[in-house]
Amino acid sequence: MFWLTEGRAMPLTAQDLSIAEGDALTPDNAFDVRDLACSHAGFFRRPAELAGILGDLSARAGAGSR
């Protein structure tokens, strides 16, 4: 899950709550939260950073870790 630090569509406190509630429902499968300094539409403005995060997650998944 991405924590979009400049997002206005969903305030940071709401993002925190969503993550906490999800983790409480699935404690054995907690979210792997990554910060991305952009808004919800900002994925298009930070493609290299997003690709790096997704590449890291893919490598970790392929190695069998969370």
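The values are calculated or read from the model by the stated rules, or taken from the named source; none is laboratory data. This one's a predicted model, so the numbers in the text were calculated from it and none came from an experiment. Cβ atoms come from the backbone with ideal geometry, glycine included; neighbour counts cover every protein chain shown. These accessible areas exclude ligands, DNA and RNA; they are computed on the full protein's heavy atoms, side chains included. Shrake-Rupley method; radii C 1.70, N 1.55, O 1.52, S 1.80 Å.
Structural remarks
- For Q15, the conditions (1) surrounded by 14 or more Cβ atoms within 10 Å (Cβ to Cβ); (2) in a loop (DSSP other than H, G, I, E, B) all hold with the exception of (2).
- Residues considered: G55, G64, G22. Of these, the only one that is in a loop (DSSP other than H, G, I, E, B) and free of Cβ contacts under 8 Å to residues at least 40 places away in the same chain is G64.
- So A48, is it free of Cβ contacts under 8 Å to residues at least 12 places away in the same chain, open to solvent by less than 70 Å² (accessible area, probe 1.4 Å) and in a helix (DSSP H, G or I): no
- Filter result for the condition that a residue is open to solvent by 80 Å² or more (accessible area, probe 1.4 Å) and modelled with pLDDT of 85 or more, over D32, D28, D56, D23: D28
- Criterion violated by S39 - all others in (1) under 13 Å from the mean Cα position of the chain (by Cα); (2) of a type in the set (G, A, S); (3) in a helix (DSSP H, G or I) satisfied: (3)
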